[in-house]
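Okay, structure first, notes after.
The values are calculated or read from the model by the stated rules, or taken from the named source; none is laboratory data. Note that this is a predicted model, so its numbers are computed, not measured. So basically every Cβ, Gly included, is an ideal-geometry build from the backbone, and we count neighbours across all protein chains shown.
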């Protein structure tokens, strides 16, 4: 019935900042971009909505639609979302070096959530967040002995 899952979207406060974070910081590749898309009022449930969109794809296969409202009517404060907030709770990325990945996230405008650092049966992990507060779980998988 549902044939494909081609992407998911993240509403961002600043499209250029978010694109830089995902492309330069996390290694995604730029794909299609659409500027000044009008006529989305009914689709988005927002009167006079004009959007700007940048699709990015990670070499591992995940595609994300980053989109921003031209009018600046975004809500939220850009802080890391609480884990119990309904909806998309986090993205997950496997990394070679947890500490280096967390530092890179900060270098590109994200934030570390050091209190979430833990170790479980398959490796070390922690949450960080992108510049708009979307949580990113980074996992350093333990190599079998």
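If you take the residues of segment 79-97 that are under 17 Å from residue 58 (Cβ atoms) and more than 13 Å from the chain's Cα centre (by Cα), which of them is surrounded by the most Cβ atoms within 10 Å (Cβ to Cβ)? Among those residues, the one meeting the criterion is 95. Taking the conditions exactly as written (in contact with a strand residue (DSSP E or B) (Cβ under 9 Å, 6 or more places away or on another chain) and surrounded by 18 or more Cβ atoms within 10 Å (Cβ to Cβ)), does residue 130 satisfy them or not? For residue 130, the condition - in contact with a strand residue (DSSP E or B) (Cβ under 9 Å, 6 or more places away or on another chain) and surrounded by 18 or more Cβ atoms within 10 Å (Cβ to Cβ) - is met.
Taken together, the residues in segment 1-50 that are over 24 Å from residue 81 (Cβ atoms), in contact with a helix residue (DSSP H, G or I) (Cβ under 7 Å, 6 or more places away or on another chain) and either at pLDDT below 90 or surrounded by 15 or more Cβ atoms within 10 Å (Cβ to Cβ) (or both) amount to 2.
Okay, residues lined up against (1) within 14 Å of the chain's Cα centre (by Cα); (2) part of a loop (DSSP other than H, G, I, E, B); (3) under 18 Å from residue 20 (Cβ atoms); (4) at pLDDT below 90:
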site: 52; (1), (2), (3), (4): no, no, yes, yes
site: 66; (1), (2), (3), (4): yes, no, yes, no
site: 77; (1), (2), (3), (4): no, yes, no, yes
site: 99; (1), (2), (3), (4): no, no, no, no
site: 116; (1), (2), (3), (4): no, no, no, no
site: 132; (1), (2), (3), (4): yes, yes, yes, no
site: 140; (1), (2), (3), (4): no, no, no, no
site: 145; (1), (2), (3), (4): no, yes, no, yes
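Suppose the filter is touching a helix residue (DSSP H, G or I) at 6+ places or on another chain (Cβ under 8 Å), assigned to a strand (DSSP E or B) and farther than 30 Å from residue 4 by Cβ; does residue 124 pass it? When the stated conditions are applied, residue 124 passes them. Could you please find all residues in segment 5-54 being in contact (Cβ under 8 Å) with a residue 24 or more places away in the chain and over 23 Å from residue 91 (Cα atoms)? Selection gives 36, 46. From the list 100, 80, the lone residue that is in contact (Cβ under 8 Å) with a residue 40 or more places away in the chain and either touching a strand residue (DSSP E or B) at 6+ places or on another chain (Cβ under 6 Å) or within 16 Å of residue 137 (Cα to Cα) (or both) is 80. Every condition in (1) over 18 Å from residue 108 (Cα atoms); (2) in the same structural domain as residue 135 (by TED's automatic domain parsing) is met by residue 95 except one, and the failing one is (1).
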